[in-house]
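Let me begin by presenting the structure, written as structure tokens, before commenting on it.
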Amino acid sequence: MPLRSFLLFFLVSLFSQPGYASLPLQKAVAMAPRQPVPLFSWPLTGSLRVTSPFGMRFHPLAHTFLKHEGVDLRAPTDSEVRVIADGRVAETGYGPLTGFFITVDHADGWRSRYLHLNTIQVHKSEQLKQGTVIALSGATGRTTGPHLHLELSHHQQAIDPVSMLATSPGSPIASAAVEKPVVTPEVDLTPTITLVSGEGDTLQIGVRIGNKTTFYSLKEPVEQGDDVWRIVRRYGKYKLVKVNPQSSRR
């Protein structure tokens, strides 16, 4: 009997140690799921045209190569500007370079900015739902004409907004909240022209294959697997024409 009591006491003492008590909690913290990336929608209605893409570019006013932290979207003066995801207005104001601007904070460290606005229709700390009209576009600040400059960052790291937009212009606004597992649909890998950027020698055509958009010059072939397409202009519009892979590489 004394030996049995001693063993019982030893086991109770062992599993009462802090290390054992904290193991389930540590495991739960380590296996906690990551916050899902929000789905971002187009900030403008109608057709989308990128007039200046994300990345290094020759600045038309500074006359030097500078990094473009966002994308410029064609937008006639007083076009409705919509917030691309649920969020809270972090800042509104005016700057000599940015013109009237709005900064919106989203979940999990995401942030979007809207520059060169004509009028602002929200106020600081206001809670917004995706698709809410927050401003009218314009040409305020340092700019060559009316357009919308859109920026997107994640934990202060600038990201190309076009690569994160989840819906096409005119489509229903995607929900920013992801509460249930989403079944991923089959991805169509047929090349499709989605964007036209620049003019003349700087002309670039955005071609989407699956979920990725790549820019091509007018003379570059578009390759997907064993198939090849050429970009042609017909009746004022750019189209993809499938060609013989052998003849395209001559």
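The values are calculated or read from the model by the stated rules, or taken from the named source; none is laboratory data. Note that the coordinates shown come from a computational prediction; the quantities given were computed from them, not determined experimentally. Every residue, glycine as well, gets a Cβ built from its backbone with ideal geometry; the counts of neighbours run over all protein chains shown.
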task: Return the only residue of 71, 83 being in contact with a helix residue (DSSP H, G or I) (Cβ under 6 Å, 6 or more places away or on another chain) and either of a type in the set (A, V, I, L, M, F, W, C) or crowded, with 16+ Cβ neighbours inside 10 Å (or both).
output: 71
query: If we keep just the residues of region 93-109 that are of a type in the set (A, V, I, L, M) and surrounded by 12 or more Cβ atoms within 10 Å (Cβ to Cβ), which is farthest from residue 157 (Cα to Cα)?
result: 102
- prompt: Within region 183-199, is there a residue that is of a type in the set (Ser, Thr, Tyr) and modelled with pLDDT of 80 or more?
  reply: yes
query: Do we have residue 243 as at pLDDT below 85 and hydrophobic (A, V, I, L, M, F, W, C) here?
result: no
- prompt: Can you pull out the residues in region 78-100 that are touching a residue at least 24 places away in the same chain (Cβ under 8 Å), more than 16 Å from the chain's Cα centre (by Cα) and assigned to a strand (DSSP E or B)?
  reply: 80, 88, 89, 90, 91, 92, 94, 95, 99, 100
field: Residue count, region 47-77 (criterion: more than 18 Å from the chain's Cα centre (by Cα), assigned to a loop (DSSP other than H, G, I, E, B) and at pLDDT below 75)
entry: 6
